[in-house]
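The values are calculated or read from the model by the stated rules, or taken from the named source; none is laboratory data. Just so it is clear, the structure is predicted and the values come from calculations on it, not from any experiment. Don't worry about glycine lacking a Cβ; one is built from the backbone with ideal geometry, like all the others, and counts go over all protein chains shown.
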Amino acid sequence: MAHKRDFKALEQRRLKGAKLLAKGVPAAEVARQVGVARQTVAAWQRLLEEKGLAGLKRRTLGRPRELSDAQCAELGRLLVQGALAQGFPTELWTLPRVVKLIKQRFGVAYSSGHIWHLLRRLGFSCQKPARRATQRDEAAIERWKKRRWPALKKTLPAADKPSSS
């Protein structure tokens, strides 16, 4: 069963190893005390020599966010105001429309595929519009079905001739 890594604990282990190395403890003993392989301690030693303690600090994973928290909050407010309020011809929000809004408003280019992750982080979910138009006239549809459709529908020819089969 997979579980989340405790990145803070891993950083603490690296820093503990760095302190032991600074005291002159042999790499094999450091590895034993912190519970890692000797090769890992050797890698830590190289990082310490090249970058100092900063080299052993926790690094953020993934690409850094392009929109600040304030910009994300503003984006959320713009989306709630609606697509019409943002200059789109209909009220429907699509991923390409959100991409266009972000590009116009904040000057940041996102792909349509990534926008979904951003929207989920902001608390939005996928919504499907109703399949029926709001302008739908049920009475007119019933009249058409009863009067016009029968006139348009093809009917089978009369079966007065015997079949050869």
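From Arg97, Arg77, Arg5, Arg59, grab the single residue that is crowded, with 16+ Cβ neighbours inside 10 Å, basic (Lys, Arg) and free of Cβ contacts under 8 Å to residues at least 60 places away in the same chain.
None of the other options fit; the residue is Arg97.
Scan the range 110-140 for residues that are out of contact with any Cys (no Cβ under 7 Å at 6 or more places or on another chain), surrounded by 10 or more Cβ atoms within 10 Å (Cβ to Cβ) and hydrophobic (A, V, I, L, M, F, W, C) and the total you get is 5. Residues that are modelled with pLDDT under 90 and farther than 30 Å from Pro96 by Cα within the range 108-140 comprise Asp137, Glu138, listed in sequence order. Taking helices (runs of 4 or more DSSP H) as the structural unit, those lying wholly within the range 1-55 and holding at least 3 residues that are of a type outside the set (Ser, Thr, Tyr) and under 36 Å from the mean Cα position of the chain (by Cα) correspond to 7-22, 38-51. Only one of the listed residues (Arg46, Arg65, Arg38) is more than 30 Å from His117 (Cβ to Cβ) and either surrounded by 12 or more Cβ atoms within 10 Å (Cβ to Cβ) or of a type in the set (Val, Ile, Thr) (or both). That residue is Arg38. The residue pairs whose first member lies in the range 107-122 and is of a type in the set (A, V, I, L, M, F, W, C), whose second member is assigned to a loop (DSSP other than H, G, I, E, B) and at pLDDT 90 or above, and whose beta carbons are closer than 7 Å, counting only pairs six or more residues apart or on different chains, do not exist in this structure.
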